[in-house]
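Notes for the one structure printed next.
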Ligand SMILES: C[S@@+](CC[C@H](N)C(=O)[O-])C[C@H]1O[C@@H](n2cnc3c(N)ncnc32)[C@H](O)[C@@H]1O
């Protein structure tokens with residue numbers, strides 16, 4: 001058991017509020033779009049629109065777990081009640097703030113009147129906060145730190161690759177744990193287990209901020225773009241050379257999991273490790289619902305909208321590169337630890 005029952009119960013209450021709000025936003029957007037020609041909603045927005053229709057159908061058919069139609073109806077028919085709910089979740093955390101911001105703009109976004117990227121990234125640091133919350137959910141920070149302390153104790157000269165490093169929410173605890181004595185002069189620090197830390201993302205837009213944020217570690221950090229869906233060697237990365245790959249909430253953003261994991265595996269030394277942190281679909285004993293960041297991020301291109309509302313608890317996994325052909329087809333073997341919403345590993 002990696003999270004307490006109280007944590008789980010409290011989290012479920014929040015998650016159910018977020019689910020109710022998500023469905024209210026979806027049905028409200030469909031109402032606003034009812035006279036808008038559906039054929040004008042194109043590309044990934046069209047998929048998102050279809051997904052909204054499915055949510056609405058499921059709601060009416062009683063097929064949304066943990067969301068009662070009568071509850072939804074009560075809120076749908078009472079604007080004050082609805083606004084109270086939205087204010088409450090916006091105050092709760094970054095997930096709620098982002099959900100309300102995106103939810104209230106859903107119809108204009110689908111009509112291409114409002115740019116969702118601007119809403120997510122252009123107004124404040126809400127996404128950075130949201131990613132930080134994910135990395136810090138439940139007892140994951142303690143688990144990660146315990147693991148990294150062992151790595152630190154047992155390693156020198158590690159060659160590390162981080163993929164989809166983005167705003168750096170996973171980078172911070174990794175650098176702190178593996179190179180704790182880094183100082184502002186940027187000189188090599190005593191007791192550092194890191195030889196090089198390659199900070200990558202598909203977009204270089206994050207690098208300037210990350211350089212400033214992590215300047216204490218500038219002697220080991222290098223920045224480069226890397227698209228994990230494309231051949232690693234062709235992008236100039238050395239195959240079979242990394243001791244660790246860290247991946248914080250990035251692997252879900254890709255279309256072909258097997259291809260991506262094979263690509264990553266090819267970069268690891270034999271017995272090198274992939275440490276990933278991701279949301280997964282929860283088992284049947286847990287609430288199933290829309291998680292707001294997944295919900296809103298599907299408004300970006302290349303993210304397949306969810307087939308059904310699901311609840312994605314945070315999972316962190318350490319997988320070691322293995323050579324045995326009988327292992328899972330991608331040849332990783334791993335352990336998983338779940339964060340707050342999950343009660344078992
Ligand atoms: C959910 S965010 C991850 C958050 C990030 N770890 C952080 O702390 O900000 C997903 C990140 O993956 C990056 N990404 C998306 N697709 C990618 C790809 N194909 N290859 C590499 N990075 C990708 C995005 O640019 C974004 O920074």
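Using only the alpha carbons, work out the radius of gyration and Dmax of segment 5-131 in angstrom.
Cα radius of gyration and Dmax of segment 5-131 are 15.1, 47 Å respectively.
Shape verdict for segment 228-282, please, from the Cα gyration tensor: rounded (a/c under 1.5), prolate (a/b greater than b/c) or oblate.
Taking the square roots of the gyration eigenvalues as a ≥ b ≥ c, segment 228-282 is oblate.
Using the beta-carbon distance between residue 238 and residue 142 and R0 = 35 Å, what value does 1/(1 + (r/R0)^6) give for FRET efficiency, to the nearest 0.05?
0.55
Given 0.36 nm per residue, what is the gain on full extension from residue 149 to residue 256 after removing their alpha carbon distance, in nm? Kindly include the intermediate steps, with their values, before the conclusion.
Values: separation 107, 0.36 × 107 = 38.52 nm, distance 3.27 nm.
Going from the current span to full extension adds 35.3 nm.
Roughly speaking, what is the stretch gain from residue 196 to residue 215, that is 0.36 nm per residue apart minus the C-alpha to C-alpha distance, in nm to one decimal?
The span from residue 196 to residue 215 would gain 5.4 nm if fully extended.
State, to one decimal in nm, how far the label point of residue 70 lies from the label point of residue 88, with both points 7 Å from Cα in the Cβ direction.
1.8
Could you work out the per residue convex hull volume over the alpha carbons of segment 51-101, in cubic angstrom?
96
What nm distance separates the two modelled labels at residue 205 and residue 104, each placed 7 Å from Cα along Cα→Cβ?
In this crude label model, residue 205 to residue 104 measures out at 2.3 nm.
To the nearest Å, what is the center-to-center distance of segment 172-204 and segment 45-105, using C-alpha atoms only?
41
Using alpha-carbon positions, what is the distance between the centroids of segment 114-165 and segment 19-36, in Å?
32
Want the number for residue 46 to residue 183: 0.36 nm per residue separation, take away the alpha-carbon distance, what's left?
This chain segment gains 44.3 nm when fully extended.
Taken together, the values in this text are just the output of simple stated rules run on the coordinates, not laboratory data. Remember, predicted model here, so these are calculated numbers, not experimental data. Ideal geometry is used to build each Cβ from the backbone, glycine not excepted, and the neighbour counts take in all protein chains shown.
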